[in-house]
Amino acid sequence: MFENKDSARTQLQDLGEFGLISHLTKKMTVTQPSTRKAIGDDAAIIEVGGHFMAISTDMLVEGVHFDLGFTPLKHLGYKAVVVNLSDIYAMNMTPTQVTVSMAVSNRFPLQALEELYRGIEMASKHYGVDVVGGDTTSSAKGMLLSVTAIGQTDSETKITYRSGARANDLLVVSGDLGGAYMGLQVLRREQEVFKANPNHQPDLEPYHYIVERQLKPEARKDIIELLAALEVRPTSMIDISDGLSSEILHLSTSSNVGCDLFEDKIPLDPTVIQVCEEFGIDSTLAALSGGEDYELLLTIAQEDYPKIKGNPDLTVIGHMTASGSGAHLITRGGSAIPLTAQGWNAFGSETSG
C-alpha cells in the first residue's frame with residue numbers, strides 16, 4: 001500500500017513550470033560528450049560530426065493552452081509549429097525540421113484533423129522546415145499536440161545562450177508587446193457574449209492586429225537575419241512566451257547579472273493601448289505578464305548600439321546591471337520596483353489561448 005503523505009504535499013502551481021522542471025531534473029547529469037547544452041535554455045544543443053543541432057519541444061493541451069471555442073484548427077496547427085521554431089531562433093540558429101505528435105478523442109472527425117494539418121503545412125512551408133515524423137494516438141478527452149523542432153548552425157560561436165549577458169549590456173526587444181494577451185481578452189469577451197446570445201456576430205475588425213497576435217503568431221526569423229546583416233551578435237537571447245518580466249528574470253538568473261527595465265521604453269502598439277483602456281488593464285502589466293508575443297529579447301554590447309539605432313524592429317528597453325543588484329522596473333516616475341515573474345502559470349487555473 002502507498003503511504004498517505006497528504007500533509008506533505010506540494011502543489012504544482014506553487015512551483016510553476018520552470019520550478020517544477022528544475023526540481024525534477026536537479027539530480028540529472030550529462031554523460032554524453034555530444035551534449036553541449038542540456039536543460040535550462042530555449043533549446044538543447046547537441047554536437048554531431050562538428051555540426052551543432054538545437055532541439056526544442058513544446059506541448060499544447062486543449063483547455064489549458066488553447067480553446068477551440070475561438071481557435072480555428074488551421075490556426076492552431078500553424079501556431080503549434082511557430083512556438084517551437086521561436087525557441088530555435090532564440091538560440092540564434094536556423095530551424096530545419098519538426099516532428100508532430102498528437103492525441104485526439106473520437107469527437108474529432110478526419111476533416112478536423114485535415115484542417116489542423118493544413119496549418120502545420122502552411123507554417124512548415126513559410127519557415128522552410130520539413131515535417132519528418134511524429135506519433136498519433138487516442139485521447140480520452142480533447143486534443144493534445146506535441147511538436148519538436150530541430151535546428152542547426154555550422155559554427156558554435158553563433159549559438160546564443162541565456163547565460164551570456166554582462167553588466168552594462170543593453171537590453172533589446174523586437175517588435176511590440178502585450179498584443180497576444182489583449183487579443184485573448186477580446187476573444188474571451190466575444191465568446192461569453194456569443195454564449196449568452198448565439199445570434200451575436202462579433203466585429204473583430206477593430207481588433208484584427210491583436211487577435212492575429214494571439215491566434216497566428218509569427219516567429220522572428222527576420223530578426224535573426226537582420227542581426228546577421230548588421231553584424232550584431234547578441235550576448236544572450238530568449239523568446240518572450242511567458243511575459244517580459246519572466247524572460248528578463250531568466251536572462252538575469254542565467255547570466256548572474258541584474259537588470260534595469262525602463263517602463264517608458266516598452267514598445268506598445270496603439271491598438272494594445274486602446275484595448276487596455278477599454279478593458280481597464282494597465283498596458284505595462286499586459287506587456288510584463290501577458291506572454292505569447294514570441295518576440296525576441298536579447299542583450300547586446302554597448303558598442304553595437306550604433307548598428308541598431310533607429311531600427312524600427314528593435315527597441316532598447318534597459319540595460320543589465322552588476323551581479324546581486326536585482327532586476328527592477330524603472331517607472332515613468334523614476335521609482336525602482338523589483339520585477340517578479342507573474343506570467344502565465346501552466347499549473348494555475350487560467351487557461352491560455
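The values are calculated or read from the model by the stated rules, or taken from the named source; none is laboratory data. Predicted model only: the values in this text are computed from it and were never measured. No Cβ is skipped: glycine too gets one built from the backbone with ideal geometry, and neighbour counts run over all protein chains shown. Accessible surface is based on the protein model in full, side chains and every heavy atom, while ligands, DNA and RNA are left aside. Shrake-Rupley method; radii C 1.70, N 1.55, O 1.52, S 1.80 Å.
Go ahead and collect, in residue order, the members of segment 206-225 whose backbone nitrogen is under 13 Å from a label point 7 Å along the Cα-Cβ direction of Asp313.
Of the residues in segment 206-225, 219-225 have backbone N under 13 Å from the label point off Asp313.
Could you tell me whether segment 285-327 comes out rounded, prolate or oblate from its Cα gyration tensor? Rule is a ≥ b ≥ c as square roots of the eigenvalues, rounded for a/c under 1.5, then prolate if a/b exceeds b/c, otherwise oblate.
Oblate shape, in that a/c is at least 1.5 and b/c is the bigger or equal ratio.
Based on the Cβ-Cβ distance from Asp135 to His200, what FRET efficiency comes out when R0 is 41 Å, to the nearest 0.05?
It comes to 0.55.
Please work out the average accessible area per residue across the chain, using the 1.4 Å probe convention, and give it in Å².
With all protein chains present, the chain gives 49 Å² per residue.
Please give the solvent-accessible surface of Val131 in Å², to the nearest 10, using a probe radius of 1.4 Å with every protein chain present.
About 70 Å², rounded to the nearest 10.
Got a number for carbon plus sulfur as a percent of the chain's accessible area, 1.4 Å probe?
That share works out to 52 percent.
Suppose R0 equals 35 Å. What FRET efficiency, 1/(1 + (r/R0)^6) with r the Cβ-Cβ distance, do Arg188 and Asp154 give to the nearest 0.05?
0.20
Report the FRET efficiency, 1/(1 + (r/R0)^6), for Arg166 and Phe279, where r is their Cβ-Cβ distance and R0 is 30 Å, rounded to 0.05.
After rounding to 0.05, the efficiency reads 0.20.
What list of ³J(HN,Hα) values in whole Hz, one per residue of segment 265-276 in order, does the Karplus curve 6.51 cos²θ - 1.76 cosθ + 1.60 (θ = phi - 60°) give from phi, with Gly and Pro shown as x?
9, 5, x, 10, 5, x, 5, 5, 4, 4, 6, 4
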